[in-house]
Each structure stands twice: as structure tokens, then as C-alpha cells.
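Okay, so here's the structure we're looking at.
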Amino acid sequence: MESQQQQYGGRTPYFYGPEGTLVQVDFALEAVNRGSTTLGIKTKDVAILASQLKPTRPLIDPSEKVFLIDDHVGATGAGYIGDVLKLIQELRVEAQKHNLTFGSPIDIKTAAETLSSYLHQYTIYAVRPLGASVIMAGKDPTGVQLYQVDPSGTFFRGSAFAVGQTSEQAIEYIQRKYDPKLGKDELITLAKDAIRTATSEDGPIEIGIVNGTDSKFHKIPLLTN
């Protein structure tokens, strides 16, 4: 059987497939779909990030999934954990650069645009696209914000996102239960229920939250029940 590399003229890693898709980006998206179920939800005053914690092997502690980027913004992601960590580090560096250059915290849209540009470079040069999708939440002068950036460099702004395994089931659950008037505790319950309903598992869930009251992003104690 002819390999995909031969089928696409020996250029599969960096060029388009017959349907106009970027072949390696499609593979990167598949890597994201194998990751832990991860989501973000926001209302006008509160945004939360949540991710299922799953050890890769027995007796190994699961990797951290929700990260502080700056005092006012956090992020989570699904896909290859090494790639997720690389993107988290890139966001942290850009946040510090913005502080040093402009003397003010980075706004969430700029953070998303910066990460989008960084990921896009991997689609136009002969390197492996990063197999990770990131969701970030934060509070800036425009209010509480929620963004998702995928491996192609495309970014989205919205009220709810889900990536990783069973993400479609999770977002469907959120769509049924979402109300823009939900408070912090209700959003946490919604995120927990969405992940556990989608995965049919009761494992621990890591959650981070930012609200309009103190404008700080912080993690809450691990949810285990």
C-alpha cells in the first residue's frame, strides 16, 4: 500500500492534502483529541478553566493541567503535555515582555493573538506543528475574557470551549445547562458535571478561576468528588 508520504508527493509533513487541508495540522488536532477532557466557561463576571487529571501510567502522578500565566490570566490545554507546557511557557514569556515594554499587564486578546502567531509559524516552516490546543481565561480592562487557540494558529473568543477526549459531549452538556447569570459556584459545578458526564469517570478535576471582583486568576483545591 502506498504510504501517505508517497501519496502526497513526499511532502506530507509540510503541505496540503488533496482536500486542501494541512495534513500535519490535522494530525496535531488528532493529538489534541486524545488529550484529557479540558474546558473553559465564562459569564460576564467569572471565568473558569477545568481539566480532567489522568495519569499516563499506574503509580505515576498526573501532570498539572491548569497554569498561572500572570496574576490576571491562566491557561489550560489538551494534547501532548510537552507541547502544552511549551505553549504555557511561551505565554508566560510574552506576558513578562508586555509588562516590561508597556508597563501594564497583557490583555487577553493580545495574549491569544501572540500565541496564535507563534503556532502559525509551525504551519509554514518545516517543523512539526505542536499537538496542543490551549484555552485561556483572564480579566483585563475589557472585562472577563475566554479564548481558545488551536494547533493551526486559529483563535476564538467565546463563552465556552471544550477540547480533548469527549469534548463534543462536554460542550453539548454545557450548551444545555449554560446560563449567563450563573455564579462562581454554579460554574464550577457545571464544569465538573460536564467533564464527568462526558467521560463517565469520577477522577480528580483541576480548576482555575478568575472573577471581576479581585481580577486575579487562582487555582482552587482539587475536586475529587
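The values are calculated or read from the model by the stated rules, or taken from the named source; none is laboratory data. If you're wondering where the values come from, they're calculated on a predicted model, not measured in any experiment. Every residue, glycine among them, receives a Cβ derived from its backbone with ideal geometry; neighbour counts consider all protein chains shown. What goes into the accessible areas is simple: the full protein's heavy atoms, side chains included, and nothing from ligands, DNA or RNA. Shrake-Rupley method; radii C 1.70, N 1.55, O 1.52, S 1.80 Å.
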Only residues that are surrounded by 17 or more Cβ atoms within 10 Å (Cβ to Cβ), assigned to a loop (DSSP other than H, G, I, E, B) and small (Gly, Ala, Ser): list them for the stretch 16-54, please. Gly35, Ser36
Ala191: open to solvent by less than 10 Å² (accessible area, probe 1.4 Å) and closer than 22 Å to Ala50 by Cα, yes or no? yes
Members of the stretch 115-164 that are in a loop (DSSP other than H, G, I, E, B), closer than 17 Å to Glu90 by Cα and touching a residue at least 40 places away in the same chain (Cβ under 8 Å): Arg128, Pro129, Leu130, Gly131, Asp150, Pro151, Ser152
Please go through the stretch 173-185 and give me each residue that is in a helix (DSSP H, G or I), loosely packed, with under 15 Cβ neighbours inside 10 Å and either within 14 Å of the chain's Cα centre (by Cα) or not basic (Lys, Arg) (or both), ordered by number. Gln175, Asp185
Does the stretch 196-222 hold any residues that are open to solvent by less than 50 Å² (accessible area, probe 1.4 Å), farther than 26 Å from Asp70 by Cα and either free of Cβ contacts under 8 Å to residues at least 40 places away in the same chain or part of a helix (DSSP H, G or I) (or both), and which are they? Arg196, Ala198, Thr199
Per-region count, the stretch 196-225, residues among the charged types (D, E, K, R), over 19 Å from Gly138 (Cα atoms) and over 20 Å from the mean Cα position of the chain (by Cα): 2
Which number in (1) more than 21 Å from Gly212 (Cβ to Cβ); (2) in contact with a helix residue (DSSP H, G or I) (Cβ under 6 Å, 6 or more places away or on another chain) marks the one condition that Phe156 misses? (2)
